Amino acid sequence: MLVDSHCHINFPELSEQLPQLLDNMKEHDVSYALAVSVSRETFDEVENLANTYPNIFCSVGIHPAEQDAAEFSVAELLERASHPRVVAIGETGLDYHWCEGDLSWQYQRFITHIEAAKQSALPLIIHTRKAGQDTLKFLKEHNADCGVIHCFSEDIEFARAALDLGFYISFSGIVTFKNAKSVQEACRYVPDDRLLVETDAPYLSPVPFRGQLNQPAYVKYTAQHVATLRGQTFEKIAQITTDNFFRLFNKAQR
Ligand SMILES: [Zn+2]
């Protein structure tokens, strides 16, 4: 059994073919997926999916690169976090790739999400792009100690610091890319009990589907690559990443 710990199956290119995607998951032994919110509107979509399908969970949050998104207050996040199918806060974090200039709005949004995670006792889903040091700084300063660094694209030093804070590390299709040497090095370093796998579908399809539309079933190919990199069996990777998912997102029931 595998779990896709991060996907966006509500995005239009995927939601149009949802029955097929769910069949493909079954065929690839991907038993669960976490559909991640990136805005107010997409929260309603992912919650609807999670209410409809027993093997889909969801999160609540606003993506750091959604510059013009209507903000959630801490109270609004907490209200939604109390819904039964909502198992995490995010995705949140910092993004210096898509956003520049005065980023005080992005910092404030991140702090709001960290506060909601602490008050709800739900894990954070962290997105960080070209902002590694500041992301760590905010997590540390605001005493965030539970969550996942999603779609890991940093290096081993960052992995070590995030692990020290108590975070899990999730690897996407990036880890299968030939030139992703520092991500692969980090993947070998992460201890068994902190490792997760994800697709981030519709983006970042793993080899051999690189460049094509991604889907939750393809987490299998990432898991196979992770197994090879770490010198472990595929079955072992499937087991530890599934156990880790349900330990971290402990509101999610098997
Ligand atoms: Zn995402």
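General observations
- Sequence of Met25, Met1 once ranked by neighbouring C-beta atoms within 10 Å, starting from the fewest: Met1, Met25
- Scanning residues 5 or more positions from Ala201 or on other chains, those with amide H under 5 Å from its amide H are His8, with H placed 1.01 Å from N in the peptide plane.
- Each pair of Cα atoms in the stretch 88-229 enters the Kirkwood radius, and Stokes-Einstein at 10 °C and 1.306 mPa s then converts it into a translational diffusion coefficient of 103 µm²/s.
- Dipole moment magnitude, nearest 20 debye, the chain about Cα centre, only Lys, Arg, Asp, Glu C-beta charged: 800
- Computed from the Kirkwood radius of its Cα pairs, the Stokes-Einstein diffusion coefficient for the stretch 69-153 at 25 °C and 0.890 mPa s stands at 188 µm²/s.
- Ile126, Ile169 arranged by Cβ crowding within 10 Å, fewest neighbours leading: Ile169, Ile126
- In summary, the helical segments of the chain meeting the span-like criteria, namely a full DSSP H run, a Cα extent along the axis of 15 angstrom or more and a mean Kyte-Doolittle hydropathy of at least -0.5, are 219-230, 234-248.
- Calculated FRET value between Leu213 and Trp105, using beta carbons and R₀ = 25 Å, to 0.05: 0.20
- GNM result for the chain, Cα springs below 10 Å: residue of Arg109, Arg230, Arg85 fluctuating most strongly: Arg230
- Once the Cα gyration tensor of the stretch 141-210 is diagonalised, semi-axes √(5λ) in Å: 22, 13, 10
- Within the chain, the ratio Rg/Rh, alpha carbon atoms throughout and Rh by Kirkwood, equals 0.93.
- Which of Ser170, Leu139, Ser73, positive extreme of dipole for the chain (C-beta unit charges): Ser170
- Theoretical gain in end-to-end length, Thr228 to Asn51 [0.36 nm per residue, Cα-Cα removed]: 60.1 nm
- Highest GNM mean-square fluctuation among Leu78, Leu122, Leu103, for the chain modelled with Cα contacts below 10 Å: Leu103.
- The Cα trace of the stretch 150-254 gives Rg and Dmax of 12.8, 37 Å, the first to one decimal, the second as a whole number.
- Whole-Å distance, taken between Cα centres, linking the stretch 195-212 and the stretch 1-70: 14
- Segments 12-21, 157-166, 88-97 sorted - mean Cβ within 10 Å per residue, highest first: 88-97, 157-166, 12-21
Values in this text are rule-based calculations from the coordinates and carry no lab data. Nothing here was measured: the structure is a model prediction, and the numbers come from that model. Cβ atoms come from the backbone with ideal geometry, glycine included; neighbour counts cover every protein chain shown.
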